[in-house]
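Single-structure report; data block below.
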Amino acid sequence: MLADFFQYDFLRYTFLTGLLIGVIAPLLGTFIVVRRLSLIADALSHVTLAGIAFGLMAEKKFGLMIGPLYSGMAFSVLGSILIEKLRSVYKAYQELAIPIILSGGVGLSVIFISVADGFNTDLFNYLFGSVSAVSQNDFLMILAIAIFVILVVVLFYKELFTLSFDEEHATISGLHSKRIHLLFIVLTALVIAASIRIVGVLLVSALMTLPVAASMRLAKGFKQMMLLSILFGELSVIIGLISGYYLSIPPGGTIVMVSIIILLIAIGIKRIKIRV
Amino acid sequence: MEYPAVTMKNVSYAYENKTVLDQINFEVPKGAFMGVVGPNGGGKTTLIKLILGLLKPDQGSINIFNENVDKLQDRNKIGFVSQKANAFNKGFPATVYEVVSSGLTATIGYFKFFNKTHKDKILHAIDQVGMLEYAYENIGNLSGGQQQRIFIARALVSDPDLIILDEPTVGIDYENVKRFYELLNQLHQKQHKTLLLVTHDTGTMTEYATDIVCLNKTLHFHGKPEEYTSLTEKDLSQFYGHPVNIVSHNH
């Protein structure tokens, strides 16, 4: 079954990219979920869409070859910084930042898309993911992002954990909570931009949260939960990509459905455990 | 010369236009076990936040071991235990060991990892609060009293000289409150920690504290527990601004 994925270049890059995001999306997702920031991932993915639409428009209308991956990444990172600014403006209603940024992202996307007179298939791929969208250049860029993200998480693991568990205590003990948080949000933006090729704008937050939701039911402790989330993330990506390819369905859909099946099994196992 | 753990000089603080603390002067001597009591809204939590550096005084100065709190280099000198047994997210998937290890994060510093010495320290702190057998359990599975012991361990792990506790026994049943105070007493007597404890539970606290202050916008009382317990209800009503029943746990 896997033979095609090794035979054709474009499939190989898709597969390898899938393996990378199967690690980094749940890795950051663990922190996102426990900090109750799941919706931020959604907001950022829509901002990324605006960036992608901008890149495609620039290419079609003005012949600027920025590359949608790069413009998407730039928008995502800018969006993440903007969310933090908004959260400090609305201190008592921090979640307001999310609909503001999300709708802003969609609004901009619509404008860029219509200025470019629509993009047809390309855009569909960005919404739901694609098995054939990853070029060698994309793959190398995503590889660089993955290495960077994993390195930063390993280096700052104890700070990220401390901040996630108890922000007040982290601040009192002298950690630079705000700066660490900003670093974390920027990392999230990068991971979202990197994941969109495979899972698509609409489903990228699912790959960051569903594996975590499943492992939360089973794991003992935070590190175990993180490792289990990555395992579930990889399983979802591998099964989802292969089945998506053979069934001619965008992989975003199949990956998310596999994640949901894993989640249901995890909930079932926990039930049985409790009964025994 | 031994400096006091905390020195407050003419400290005032107001939220918007409402003065919460007015010209507070007092010291927490090194090695003391000081209880802070007072009515709700009397400024107890504000006082703690000022000492922790979370708020800045409008007036006056606060020193921790003779260093201004803003410029305090070594923040590990202070350990803090909040009302977390009620407030923290009980579903948080972390083991006792992981929670206590977070107390060392700032001490170890950026770009460094936990080593064998740190691991021993973490286990030692868990042992000190009598929770070693639960070290690898999820903290959410423990009772409120047990969780509060874990938060003490988190405060202890960086070996602070001063431990500040903000109503740590709220929501914990009487038997466990007693055990909790025994633990504090041990830290005070055997390890010579300075303790600053904000509480409503004056009955049990007066059995262990060495000093008591009563706070209601200004400092209304500062003295020994014997003096505090010998106050009449009339005196106390004056401090609190309303009638007070002294709750005794000597049963």
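Being within 20 Å of residue A:82 (Cβ to Cβ), among the charged types (D, E, K, R) and modelled with pLDDT under 95, is that true of even one residue in the range A:176-194?
Among the residues of the range A:176-194, at least one is within 20 Å of residue A:82 (Cβ to Cβ), among the charged types (D, E, K, R) and modelled with pLDDT under 95, which makes the answer yes.
If you take the residues in the range B:91-100 that are within 7 Å of chain A (Cβ to nearest Cβ) and in a helix (DSSP H, G or I), which one is farthest from residue B:150 (Cα to Cα)?
Ranking the candidates gives B:98 first.
May I ask you to verify whether residue A:119 is farther than 22 Å from residue A:245 by Cα and either of a type in the set (Val, Ile, Thr) or not in a helix (DSSP H, G or I) (or both)?
Yes.
Within the range A:44-65, count every residue that is of a type in the set (A, V, I, L, M, F, W, C) and closer than 16 Å to residue A:190 by Cα.
Total satisfying the criteria: 5.
For the range B:38-48, does any single residue satisfy the condition of being part of a helix (DSSP H, G or I), within 14 Å of chain A (Cβ to nearest Cβ), under 13 Å from the mean Cα position of the chain (by Cα) and modelled with pLDDT of 90 or more?
yes
I'd like the full set of residues that are buried (at least 16 other Cβ atoms within 10 Å of the Cβ), at the interface with chain A (Cβ under 8 Å from one of its Cβ atoms) and either over 24 Å from residue B:74 (Cα atoms) or in contact with a Leu (Cβ under 9 Å, 6 or more places away or on another chain) (or both), limited to the range B:103-133.
Once the filter is applied, which keeps residues that are buried (at least 16 other Cβ atoms within 10 Å of the Cβ), at the interface with chain A (Cβ under 8 Å from one of its Cβ atoms) and either over 24 Å from residue B:74 (Cα atoms) or in contact with a Leu (Cβ under 9 Å, 6 or more places away or on another chain) (or both), the range B:103-133 yields B:103, B:105, B:106.
Testing residue B:35 on (1) within 10 Å of chain A (Cβ to nearest Cβ); (2) within 29 Å of residue B:185 (Cβ to Cβ); (3) of a type in the set (Gly, Ala, Ser), one condition comes back false. Which one is that?
Tallying (1) within 10 Å of chain A (Cβ to nearest Cβ); (2) within 29 Å of residue B:185 (Cβ to Cβ); (3) of a type in the set (Gly, Ala, Ser), residue B:35 fails exactly one: (1).
Tell me, yes or no, whether the range A:167-176 has at least one residue that is aliphatic (A, V, I, L, M), buried (at least 20 other Cβ atoms within 10 Å of the Cβ) and not in a loop (DSSP other than H, G, I, E, B).
The answer is yes; a qualifying residue exists.
Whether any residue in the range A:224-234 is under 30 Å from residue B:73 (Cβ atoms), out of contact with any Asp or Glu (no Cβ under 8 Å at 6 or more places or on another chain), in a helix (DSSP H, G or I) and among the aromatic types (Phe, Trp, Tyr) is what I want to check.
no
So, of the residues in the range A:23-58 that are among the hydroxyl-bearing types (Ser, Thr, Tyr) and either free of Cβ contacts under 8 Å to residues at least 12 places away in the same chain or more than 12 Å from residue A:195 (Cα to Cα) (or both), which turns out to be farthest from the other protein chains (Cβ to nearest Cβ)?
A:38
If we scan the range A:198-209, do we find a residue that is touching a His at 6+ places or on another chain (Cβ under 7 Å), buried (at least 24 other Cβ atoms within 10 Å of the Cβ) and either in a helix (DSSP H, G or I) or within 14 Å of another protein chain (Cβ to nearest Cβ) (or both)?
Yes, the range A:198-209 contains at least one residue that is touching a His at 6+ places or on another chain (Cβ under 7 Å), buried (at least 24 other Cβ atoms within 10 Å of the Cβ) and either in a helix (DSSP H, G or I) or within 14 Å of another protein chain (Cβ to nearest Cβ) (or both).
Looking at the range B:65-77 only, could you name the residues that are within 12 Å of chain A (Cβ to nearest Cβ), in contact (Cβ under 8 Å) with a residue 60 or more places away in the chain and not charged (D, E, K, R)?
The one that is within 12 Å of chain A (Cβ to nearest Cβ), in contact (Cβ under 8 Å) with a residue 60 or more places away in the chain and not charged (D, E, K, R): B:76.
Any chance the range B:128-138 includes a residue that's outside any loop (DSSP other than H, G, I, E, B), within 26 Å of residue B:31 (Cβ to Cβ) and among the charged types (D, E, K, R)?
No; the residues of the range B:128-138 include none that is outside any loop (DSSP other than H, G, I, E, B), within 26 Å of residue B:31 (Cβ to Cβ) and among the charged types (D, E, K, R).
Any chance you could count how many residues in the range A:122-166 are within 14 Å of chain B (Cβ to nearest Cβ) and either part of a helix (DSSP H, G or I) or within 24 Å of residue A:51 (Cβ to Cβ) (or both)?
14
The values are calculated or read from the model by the stated rules, or taken from the named source; none is laboratory data. All figures in this text were calculated on a predicted structure; none of them were measured in a lab. No Cβ is skipped: glycine too gets one built from the backbone with ideal geometry, and neighbour counts run over all protein chains shown.
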